[in-house]
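The values are calculated or read from the model by the stated rules, or taken from the named source; none is laboratory data. Here the structure is a predicted model, which means the values were calculated and not measured. Cβ atoms come from the backbone with ideal geometry, glycine included; neighbour counts cover every protein chain shown.
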2 protein chains.
Amino acid sequence: MSEKSKSNLLRDQLAARASAPSKAAQTRSAILDAGRDFLDTNPFRNLTVGTLMAVTGYSRSAFYQHFNDLHGLMEALLDQVKDGIVQGAQPWFVGEGDPVATLQESLTALVDVGYEHGSILRAVSDAAPSDDRLEYVWQAFLGSFDEIVAARIQEDQERGLTPEFDPMPVAHALNRMDAGVLIQAFGTGKTTSKEDVLSGIMRVWLSTLYPFDAASAIQQKQE
Amino acid sequence: MSEKSKSNLLRDQLAARASAPSKAAQTRSAILDAGRDFLDTNPFRNLTVGTLMAVTGYSRSAFYQHFNDLHGLMEALLDQVKDGIVQGAQPWFVGEGDPVATLQESLTALVDVGYEHGSILRAVSDAAPSDDRLEYVWQAFLGSFDEIVAARIQEDQERGLTPEFDPMPVAHALNRMDAGVLIQAFGTGKTTSKEDVLSGIMRVWLSTLYPFDAASAIQQKQE
DNA sequence: ACCTTTAGTGACAGTATGTCAGAAAAGTCA
DNA sequence: TGACTTTTCTGACATACTGTCACTAAAGGT
């Protein structure tokens with residue numbers, strides 16, 4: 001019996017230490033995992049609560065103890081990748097160091113994380129239009145970048161690095177471009193090469209925001 | 001009887017001239033109209049065959065004589081606006097006259113047509129991810145612009161008007177930007193002003209494709 | 001006016017959703 | 001450990017919408 005109680009003790013300690021993966025959390029994770037696996041190889045439109053839960057071994061109705069519906073699941077999956085995306089874009093956002101170099105860094109990181117989490121981003125973007133709430137969350141997520149990018153543009157305009165123009169519409173346009181390109185490229189399979197994606201958006205960002213540097217780079221190429 | 005046969009004759013001639021609005025076509029049109037009306041004020045996710053047909057006065061099952069499903073309807077609605085969009089973009093596509101001026105024309109026209117048909121474009125883009133076929137059609141539609149834009153870019157590069165870069169990824173990026181911006185701006189309500197939309201995408205297109213002209217324009221502004 | 005062809009209807013089966021009362025398992029404490 | 005409370009899970013149900021099919025009604029031709 002000492003063995004049993006020892007192992008119980010151990011389990012409890014571990015549970016407490018890891019902030020109690022309280023069965024509920026475990027199941028929730030299992031569902032999230034199954035969701036990610038499914039969306040890695042299938043479009044969102046083919047996901048049903050039934051097939052999803054069949055994979056986990058739980059009953060269909062167990063799903064509703066952890067999520068309101070499939071869109072709630074998508075929201076949770078989005079939360080898992082949000083930070084990664086925001087993190088990668090920091091170099092240029094913070095505004096220190098060479099603007100062109102940091103922008104290149106940030107865009108490269110963005111493409112990497114897009115490549116990594118393409119299927120989830122694609123799935124969220126696919127699922128969003130069929131649900132009020134998820135649509136709002138998704139738009140808010142994309143919109144949050146608009147603010148940051150517009151602010152950074154304005155700074156660079158004040159520093160004379162970037163031509164004068166209304167920052168918000170341009171920020172918005174550039175961000176929509178990123179989203180559209182990334183989701184299409186890496187959403188289903190890995191159809192397009194990272195290089196093509198990066199070269200496309202990099203060119204546009206650089207020539208829009210730093211045309212003077214870009215121009216000199218171009219002049220060199222033309223000779 | 002002479003009157004009757006005369007009026008019959010007249011009707012038949014008119015019918016023949018207008019290519020026979022053969023009842024079927026009439027009903028089809030009525031459904032399409034009802035669809036457009038609905039989507040002008042509601043998102044696609046709230047459209048059901050039942051509510052749609054209630055408006056037309058026909059039974060729900062009549063719908064299926066004219067369309068396979070709601071996605072079929074969307075495909076038909078897209079066809080109605082396709083031409084308008086392609087038409088508006090012609091000035092720059094054909095490649096005659098001042099590139100900057102014609103690009104400005106084309107983008108202005110694009111924004112206009114986006115403003116006009118925003119709700120349909122939004123609806124199609126919303127509906128696409130939930131249907132294999134519509135998704136394909138929509139992607140093909142967007143993709144068709146990639147080809148044309150890439151070709152035009154290549155011409156301008158050969159003429160020395162546009163810096164050297166791989167045209168396809170950039171064309172793709174610019175087009176996704178347009179689609180994303182237009183649909184968001186005019187898809188639901190007319191939330192954003194035409195001016196903002198146009199200024200945003202115009203700035204990006206011009207500085208990417210014609211940085212030399214853009215640079216001089218900017219220099220002027222800075223003085 | 002008659003007959004053929006085309007359009008429209010109501011009833012039906014199918015599929016997925018979300019809820020709820022009750023069963024089962026996990027957690028708690030003497 | 002055993003009795004308890006609380007949390008998690010299950011099967012059965014009601015609901016909503018879809019797409020089809022045999023049948024009726026209307027349109028179109030002669």
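Summary table below
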| quantity | calculated |
| --- | --- |
| Residue in the range A:168-175 that is more than 7 Å from chain B (Cβ to nearest Cβ) and more than 20 Å from the chain's Cα centre (by Cα) present | yes |
| Residue check for B:VAL49: closer than 29 Å to B:THR192 by Cβ and among the aliphatic types (A, V, I, L, M) | no |
| Subset of the range A:199-222 [modelled with pLDDT of 90 or more and in contact with an Asp or Glu (Cβ under 9 Å, 6 or more places away or on another chain)] | A:SER199, A:GLY200, A:ILE201, A:ARG203, A:TRP205, A:LEU206, A:LEU209, A:TYR210 |
| Selection count, the range B:169-198, where residues are farther than 28 Å from A:ASP132 by Cβ and surrounded by 19 or more Cβ atoms within 10 Å (Cβ to Cβ) | 8 |
| Any hit, the range A:47-63, residues being within 14 Å of another protein chain (Cβ to nearest Cβ) and not β-branched (Val, Ile, Thr) | yes |
| So B:GLY84, is it surrounded by fewer than 19 Cβ atoms within 10 Å (Cβ to Cβ), assigned by TED's automatic domain parsing to the domain that holds B:GLU147 and at positive phi | no |
| Of all residues in the range A:176-191 being part of a loop (DSSP other than H, G, I, E, B) and free of Cβ contacts under 8 Å to residues at least 24 places away in the same chain, the one that is nearest to the other protein chains (Cβ to nearest Cβ) | A:THR191 |
| Top-ranked residue in the range B:157-167 [being part of a helix (DSSP H, G or I) and either surrounded by fewer than 19 Cβ atoms within 10 Å (Cβ to Cβ) or hydroxyl-bearing (Ser, Thr, Tyr) (or both); ranked as nearest to the other protein chains (Cβ to nearest Cβ)] | B:GLN157 |
| Residue match in the range A:121-130 (condition: over 30 Å from B:ASN46 (Cβ atoms), in contact (Cβ under 8 Å) with a residue 12 or more places away in the chain and either facing another protein chain (nearest Cβ under 10 Å) or in a helix (DSSP H, G or I) (or both)) | no |
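So that you can scan it fast, the table gives a plain yes or no per residue for (1) away from DNA strand C (no atom under 16 Å from the Cβ); (2) not assigned by TED's automatic domain parsing to the domain that holds A:ASP156:
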| residue | (1), (2) |
| --- | --- |
| A:ASP33 | yes, yes |
| A:VAL55 | no, yes |
| A:TYR58 | no, yes |
| A:GLN104 | yes, no |
| A:VAL111 | yes, no |
